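Read through the structure below, which is laid out as structure tokens, and then see the notes.
Just so it is clear, none of the values below were taken in a lab; they were calculated from the coordinates. Keep in mind the model is a prediction, meaning the values are calculated, not measured. Methodologically, a virtual Cβ is constructed for each residue, glycine included, from the backbone with ideal geometry; neighbour enumeration extends over all protein chains shown.
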Amino acid sequence: MSVSKSLAHDAARLHVTGTARYVDDIPVPQGCLHVAFGMSEIAHGTIVAMNLEEVKSVPGVVMVLTADDMPFANDVSPSAHDEPLLATGTVHYVGQPMFAVVATSHLAARKAARLGAVRYDELTAILTIDEAMAADSRFEEGPRVYQKGDAAAAIGKASHRVVGTFEIGAQEHFYLEGQAALALPQEGGDMVVHSSTQHPSEIQHKVAEALGVPMHAVRVEIRRMGGGFGGKESQGNALAVICAVAAQATQLPCKMRYDRDDDMIITGKRHDFRIEYRAGFDDEGRIAGVEFVQYARCGWAQDLSLPVADRAMLHSDNAYLLGHARIESHRLKTNTVSNTAYRGFGGPQGMIGIERVVDHIAHKLGLDPVDVRQRNYYAEMDGGGLSAPRPAAPPESLSGKMKNNTTPYGQEVEDFELHGITEALLRSSDYERRKAAIAEWNAENEVIKKGIAFAPVKFGISFTLTFLNQAGALVHVYQDGSVHMNHGGTEMGQGLFQKVAQVAASRFGIPVEMVKITATDTGKVPNTSATAASSGSDLNGMAVKAACDTIRERIAEFLAKRHQLEVGKVRFADGNVVVGSKVYSFAEAAAEAYMGRVSLSATGFYKTPKVEWDRIKGVGRPFFYFAYGASVTEVAIDTLTGENRILRCDILHDAGESLNPALDIGQVEGAYVQGAGWLTTEELVWDDAGRLRTHAPSTYKIPACSDRPDVFNVALWDGSNREETIYRSKAVGEPPFMLGISAFLALSDAVSACGDAYPALNAPATAEQVWTAVRRVRNGV
Amino acid sequence: MSKIHVTTSVNGDAVEFLCDPRETLLDVLRDRLGLTGAKEGCGTGDCGACTITLDGRVVCSCLVLGAEAEGREVGTIEGIANGEELHPLQRKFIEHAALQCGICTPGILVATKALLEKNPDPTETEVRYWLAGNLCRCTGYDKIIRAVMDTAAELRSESKELS
Ligand code: FES
Ligand code: FES
């Protein structure tokens with residue numbers, strides 16, 4: 001069996017020798033042209049005049065395109081057709097593409113793009129959440145509300161209450177490979193596009209619309225991305241479409257890549273949120289009711305903001321059984337970049353809301369936040385029995401909860417794993433002892449304060465747009481027994497291709513080297529969903545399995561008939577096909593089947609079962625299952641400067657029966673660090689004119705090697721998946737991102753050692769934030 | 001603009017090229033010499049994806065002009081393996097799963113190789129700070145550091161055996 005093995009990433013050898021090709025590395029044919037955008041300098045206004053003469057006069061410039069030159073659709077929206085590729089009369093944010101320069105070199109195109117003389121009539125720009133609320137500038141007719149029970153009444157009756165507001169900053173994806181596309185015109189008006197995208201089918205769709213051709217005239221290919229994280233789910237559309245339009249117009253290959261600054265200015269980010277909360281609870285910290293108001297800054301176009309905001313609502317319970325809850329969500333339209341998918345897709349923002357509430361409750365009651373968390377956990381259902389060890393839940397949380405273990409949106413939580421995970425992690429991280437040691441340290445040290453925090457994660461797996469939960473695959477077995485495998489998922493470093501190849505190899509009982517992993521290609525597997533929502537291996541693994549099984553059955557039937565045996569007696573293992581006493585190598589079996597005129601090619605299809613819900617009412621089962629994890633982080637802060645660092649992190653994460661533990665642990669580590677970055681150092685700053693001031697790594701700080709925790713212990717929970725997923729594994733791309741929340745809570749804990757007031761940190765907790773919070777807490781406000 | 005003629009050596013091979021006076025060495029390597037192992041992550045010297053060596057010194061090739069390579073020795077990721085045989089550092093990066101999307105990997109390997117040549121026995125802290133200019137968005141760095149420490153240990157024991 002090739003599954004469950006820690007085999008190296010399929011392209012590892014190419015990567016370490018520098019020969020793995022990304023879109024920008026593909027050798028281009030002679031005469032390839034390069035494209036760059038001329039961008040809006042203001043946040044909101046009408047274009048009065050656009051003089052592009054100077055742009056056109058730059059040596060090397062071949063063509064300049066504006067909205068008027070778009071032959072068919074001028075739209076790159078993944079949802080609401082509200083996102084013109086090139087501005088049409090009005091500009092909506094600083095950085096919006098207005099015209100495109102096509103030139104003989106990348107540099108010439110970029111330089112010329114700066115020379116557009118544009119006169120605007122400025123309109124009032126709505127930049128902030130407050131401004132958007134005041135102007136009632138929003139997507140959808142009003143706020144969405146999900147509720148369970150009567151939260152206001154429950155809070156009113158409760159013996160204690162906390163109330164608060166906090167701000168959560170946006171986050172730049174900072175995929176190290178910027179957005180890139182290359183369009184190659186073909187005969188008869190066809191187009192081949194190489195695009196660094198998580199969603200080739202969407203690129204195909206948007207390019208076809210822009211060229212006015214059926215989708216069959218466009219083929220999109222992507223072998224790998226240099227990181228995606230959601231930032232290449234819809235944000236690649238603009239580059240691919242403009243390259244295709246320019247390539248069609250010039251009949252020459254056209255290529256575009258964003259320079260880092262342009263990339264950060266033009267493309268959407270994780271939504272910034274404000275969350276207001278009110279919660280009522282008893283003396284032990286058991287939550288009776290909670291109310292959230294979530295404000296999401298969506299930017300100028302809808303993009304994926306609605307499902308992002310939905311997912312934020314769907315995660316505002318995180319791991320806690322809330323008797324009464326009300327979640328109100330405002331999706332605000334602002335003159336800023338159109339925010340988009342980012343690892344967790346709104347889930348992190350929703351989750352940190354309730355984690356903040358629990359932290360605040362524990363602080364108010366003077367309890368250990370871990371106890372308050374455990375007391376409020378969902379119950380573990382019987383019959384799960386799949387994972388060990390599984391200590392019983394604290395008795396108080398068991399009674400009466402079995403019948404009602406439902407989320408605020410009415411989904412029964414059947415697979416809750418966090419009681420066991422929590423106990424095990426507290427033990428392995430030595431939480432109690434370290435907490436006591438930190439208290440001692442803090443009592444003795446005035447300047448450097450330490451903090452420690454535990455945070456659990458329960459993350460729903462499935463696209464909440466239910467129809468997206470489908471996948472296709474195409475598998476060929478050649479006469480020599482080698483296998484060519486293709487599916488709709490894309491590779492962005494997460495190791496999807498390797499995992500799925502392991503599935504194919506184990507279905508045929510052959511070594512994984514016999515399986516060729518090929519670029520994702522819309523000509524091979526059509527109508528695919530984005531590789532997103534952590535669903536890559538769940539969906540594509542199953543689709544590949546289905547295709548392999550079809551071929552396997554055909555071979556088995558053929559050989560069984562030849563040997564006059566039952567089909568069930570044919571076994572595929574160890575590189576062989578065993579039929580009774582006869583042993584064929586897999587290659588021999590394939591050759592025999594070919595000679596016997598058996599088709600050795602098959603498609604596979606999979607759709608996730610059980611999911612069904614109403615996103616307007618917020619009721620039903622949006623998720624097939626939940627993935628779990630927990631982390632304990634210890635930090636130190638310098639109270640004089642606000643500087644801080646992570647000293648130690650311990651993680652226990654549930655990947656079900658992991659398809660590849662090495663790859664999964666890699667996902668967990670990377671996700672934690674990215675999540676911690678979101679909440680600590682990664683600060684996006686816009687000025688009053690709506691200009692992003694942090695648009696390069698010189699000013700926008702993602703975690704560096706020197707920031708890695710001194711001690712970093714990561715393990716996978718020895719669990720399974722109660723649902724029938726591919727080999728009972730669980731999705732692992734997004735859930736561990738939210739483990740980073742413990743870093744934020746640990747900073748809050750450290751600040752709270754400075755005084756009695758609740759620190760009420762905003763995110764990201766930069767040095768400035770921490771410094772300010774220390775002052776606040778010391779002054780007792 | 002008239003082009004400049006540059007004579008240099010890349011990974012030990014004599015190389016000549018013509019480039020614009022303002023063209024970066026990164027662009028020369030990628031666009032003129034077909035060596036696409038060095039990547040552009042920022043173009044401003046902040047991410048390390050373009051790391052190469054110039055006369056053995058680690059530099060960001062996005063901050064060096066092609067013309068500056070005249071008479072120098074340029075080392076890139078493509079020159080680290082010995083034909084088909086991987087350098088121990090490359091092997092260890094594979095073994096430790098120290099890469100995901102892999103786009104930071106060439107820069108990190110070039111930078112690390114230079115470190116180990118200078119300092120065969122670095123502490124973990126030295127490794128972390130040496131690599132602080134090489135950003136990786138995927139891995140969280142843990143496996144990278146383990147791979148480097150493990151390579152250093154292996155290289156040390158090999159050189160002991162030789163001596
Ligand atoms: S591209 Fe040279 S340091 Fe980033
Ligand atoms: S592996 Fe993707 S940036 Fe390092």
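What share of the DSSP beta bridges in the protein assembly as shown is antiparallel, in percent to the nearest 5? Present the calculation step by step, with values, prior to reporting the outcome.
On the way: 121 of 149 bridges.
Here the share of antiparallel DSSP bridges comes out near 80 percent.
Pairs A:232/B:118; A:5/A:561; A:232/A:701; A:607/B:39: which are spaced more than 28 Å apart, C-alpha to C-alpha?
Values: A:232/B:118 39 Å; A:5/A:561 34 Å; A:232/A:701 20 Å; A:607/B:39 38 Å.
Long pairs (Cα-Cα over 28 Å): A:232/B:118; A:5/A:561; A:607/B:39.
Amide H neighbours of residue A:701 under 5 Å, at least 5 residues apart or on other chains, H built in the peptide plane: list them.
Sorted by chain and number, the residues that satisfy this are A:683.
For chain A, with the dipole built from +1 on Lys and Arg beta-carbon atoms and -1 on Asp and Glu ones, taken about the Cα centre, which of A:170, A:478, A:348 lies farthest toward the positive end?
Value: A:478.
With each label point set 7 Å from Cα along the Cα-Cβ vector, what nm distance links residue B:162 and residue B:73?
1.5
How big is the dipole moment of chain B about its Cα centre under a simple scheme where the beta carbon of each Lys and Arg is +1, that of each Asp and Glu is -1, and everything else is neutral? Debye, nearest 20, please.
Details: 17 positive and 25 negative charges, 77 e Å.
I would put it at about 380 debye.
Looking only at other chains, what is the average number of their beta-carbon atoms within 10 angstrom of each beta-carbon in B:32-44?
Shielding by partners across B:32-44 averages 5.
Taking only Cα atoms and a 10 Å spring cutoff, compute GNM fluctuations for chain B and point out the largest among B:24, B:44, B:112.
B:44
Where a ≥ b ≥ c are the square roots of the eigenvalues of the C-alpha gyration tensor, would you call chain A rounded, which needs a/c under 1.5, or, failing that, prolate if a/b is larger than b/c, or oblate? Spell out each step's value before the answer.
Details: a/c = 1.85, a/b = 1.10, b/c = 1.68.
Oblate, since a/c reaches 1.5 and b/c is not below a/b.
Take A:205, A:419 and order them by how many other Cβ atoms sit within 10 Å, fewest up front. Spell out each step's value before the answer.
Values: A:205 18, A:419 22.
Fewest-to-most Cβ neighbours within 10 Å comes out as A:205, A:419.
Can you tally the net charge around residue A:112? Count Lys and Arg as +1, Asp and Glu as -1, for every other residue whose Cβ sits under 9 Å from the Cβ of residue A:112. Provide the component values of the computation, followed by the final result.
Numbers: positive: A:56, A:110, A:111, A:114; negative: A:54.
Its environment carries a net charge of +3.
Shape call for chain B from the C-alpha gyration tensor, a ≥ b ≥ c root eigenvalues: rounded (a/c under 1.5), prolate (a/b greater than b/c) or oblate? Mind dumping the intermediate values first?
Working: a/c = 2.18, a/b = 1.61, b/c = 1.35.
It is prolate, given that a/c is not under 1.5 and a/b is the larger ratio.
Nearest 5 is fine: what % of DSSP beta bridges in the range A:618-761 come out antiparallel, could you say?
Values: 11 of 17 bridges.
Of the beta bridges lying entirely in the range A:618-761, close to 65 percent run antiparallel.
Per DSSP H run of n ≥ 4, the term is -39500 (n - 2.57); total these for chain A, divide by its residue number, and report the mean residue ellipticity at 222 nm rounded to 500 deg cm²/dmol.
Working: 20 runs with 223 residues, N = 781.
For chain A, the value works out to -8500 deg cm²/dmol.
Among A:360, A:92, which comes first, then next, by fewest other beta-carbon atoms within 10 Å? Present the calculation step by step, with values, prior to reporting the outcome.
Details: A:360 23, A:92 27.
Listed from fewest to most nearby Cβ atoms, that is A:360, A:92.
What FRET efficiency comes out for residue A:619 versus residue A:728 if R0 is 30 angstrom and r is the Cβ-Cβ distance? Round to the nearest 0.05.
According to the calculation, E is roughly 0.60.
Taking 8 Å as the Cα distance limit and 6 or more residues as the minimum spacing, I'd like the relative contact order of chain A as a percentage. Please list the in-between numbers first.
Values: 1980 pairs, mean separation 115.5, N = 781.
Relative CO of chain A lands at 15 percent.
Taking only the alpha carbons of the range B:88-162, what extent do you get along each of the three principal axes, in Å, biggest first?
If we take the Cα atoms of the range B:88-162, the spans are 38, 23, 17 Å.
Could you work out, residue by residue across A:166-179, how many beta carbons of other chains sit within 10 Å of that residue's beta carbon, and then give the average as an integer?
Numbers: counts 0, 0, 0, 0, 0, 0, 0, 1, 5, 5, 18, 9, 5, 0.
Counting other chains' Cβ atoms within 10 Å and averaging over A:166-179 gives 3.
Average the reciprocal distances over every distinct pair of alpha-carbons in the range B:4-79, invert the result, and give the Kirkwood radius in Å. Mind dumping the intermediate values first?
Details: mean 1/r = 0.0843 Å⁻¹.
Roughly 11.9 Å, rounded to one decimal.
Which order results if A:658, A:159 are arranged by neighbouring Cβ count within 10 Å, fewest first?
Working: A:658 26, A:159 9.
Lowest count first: A:159, A:658.
Around residue A:219, under 15 Å between beta carbons, what's the net of Lys plus Arg minus Asp minus Glu among the other residues?
So the environment of residue A:219 carries a net charge of -2.
Whose amide H sits under 5 Å from the amide H of residue A:98, counting only residues 5 or more places off or on another chain, with H placed in the peptide plane?
It is A:38, A:39, A:40, A:87, by chain and number.
Pull out a ≥ b ≥ c, the square roots of the eigenvalues of the alpha-carbon gyration tensor of the range A:1-134, then state rounded if a/c is under 1.5, prolate if not and a/b is larger than b/c, and oblate in the remaining case.
Verdict is oblate for the range A:1-134.
Relative contact order (percent) for chain B, with alpha-carbon contacts under 8 angstrom and 6 or more residues of separation? Let's see the in-between values first.
Values: 279 pairs, mean separation 36.6, N = 163.
Normalised by residue count, the contact order of chain B is 22 percent.
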